[in-house]
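The values are calculated or read from the model by the stated rules, or taken from the named source; none is laboratory data. In this text the structure is predicted, and so the values were computed from the model without any measurement. Quick reminder, even Gly has a Cβ in these numbers, built from the backbone with ideal geometry, and neighbours come from all protein chains shown.
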Amino acid sequence: MTADYGRAFALWREAAGADWDRYVGHGFVRQLAAGTLPRESFLHYLRQDYVFLLHFARAWALVFAKSDRLAEMRAASGIADALLHEEMPLHVGICAREGIPEKMLQQTPESPANMAYTRYVLATGYSGDVLDLLAALAPCVLGYGEIGLRHSESGGPYAEWTATYGGGDYQRLCREVGQLIDAAVEARLGADWPSLPRAGSLAHHFAQATLLEVGFWQMGLDRT
């Protein structure tokens, strides 16, 4: 199933090719949807993703800081708020039921895969402009949306996770992020931006972040 999250996403997704399939169809995802993923792998992933989301919220705050458009600033602020007050509590709640309190989550040592991904996104944002940063952020937000859409009714021990990302609230967020990206690109580069040289560099950021997502799933499987 291919999600419809806008023009830029469709073009970048196609350009990422097989790497996108490796991401949204990774063994970690397949096992999670089937309910066969070892609980230890899931909890390791959740703890790392808790740390990841802290950096991700900072990256969306950076979108706010680098933008000169009020609509983008409002959207970025809302997304950062949702990460901190809606998505992270999902991790906190699941881990708490497993005997891992939030204080322990906050002390989670950051894995190399986590560090590589988050620092790439932040470095892209600091060294580039808001379009570079949005392209690097897109695979996480929209990839999880596509995964959730595919597996929202999978049931099993990880149904809470799949239902969250396949649910109406998250799918609406994905559509809004897709619209935000399309509007941001067209406002700065024009409607024919896919024909410009800049299109290649934006697709590169998207593709690189996609590869780092693959590594993040593998980190969860390997528990490294």
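Check whether at least one residue in the range 105-119 is of a type in the set (Gly, Ala, Ser), closer than 21 Å to residue 218 by Cα, touching a Phe, Trp or Tyr at 6+ places or on another chain (Cβ under 7 Å) and crowded, with 17+ Cβ neighbours inside 10 Å, and report yes or no.
Yes; the residues of the range 105-119 include at least one that is of a type in the set (Gly, Ala, Ser), closer than 21 Å to residue 218 by Cα, touching a Phe, Trp or Tyr at 6+ places or on another chain (Cβ under 7 Å) and crowded, with 17+ Cβ neighbours inside 10 Å.
Residues that are touching a His at 6+ places or on another chain (Cβ under 9 Å), more than 21 Å from residue 42 (Cα to Cα) and of a type in the set (A, V, I, L, M, F, W, C) within the range 82-130 comprise 121, 122, listed in sequence order.
Where helices (runs of 4 or more DSSP H) sit wholly within the range 1-62, those with at least 3 residues that are among the aliphatic types (A, V, I, L, M), over 23 Å from residue 221 (Cα atoms) and at pLDDT 95 or above occupy 7-16. Just one residue in the set 141, 214, 185 is in contact with a His (Cβ under 9 Å, 6 or more places away or on another chain) and part of a helix (DSSP H, G or I); that residue is 214. Scanning the range 170-213 for residues that are of a type in the set (Phe, Trp, Tyr) and either closer than 26 Å to residue 116 by Cα or in contact (Cβ under 8 Å) with a residue 24 or more places away in the chain (or both) yields 170, 206. Please go through (1) surrounded by 15 or more Cβ atoms within 10 Å (Cβ to Cβ); (2) more than 27 Å from residue 40 (Cα to Cα); (3) over 15 Å from the mean Cα position of the chain (by Cα) for residue 79 and return the number of the only condition it doesn't satisfy. Of (1) surrounded by 15 or more Cβ atoms within 10 Å (Cβ to Cβ); (2) more than 27 Å from residue 40 (Cα to Cα); (3) over 15 Å from the mean Cα position of the chain (by Cα), only one is false for residue 79: (3).
Does residue 72 satisfy being farther than 26 Å from residue 160 by Cα, touching a residue at least 60 places away in the same chain (Cβ under 8 Å) and part of a helix (DSSP H, G or I)? Yes, satisfied.
With the condition kept exactly as written, say whether any residue in the range 1-20 is surrounded by fewer than 20 Cβ atoms within 10 Å (Cβ to Cβ) and of a type in the set (Val, Ile, Thr). Yes, that holds for at least one residue.
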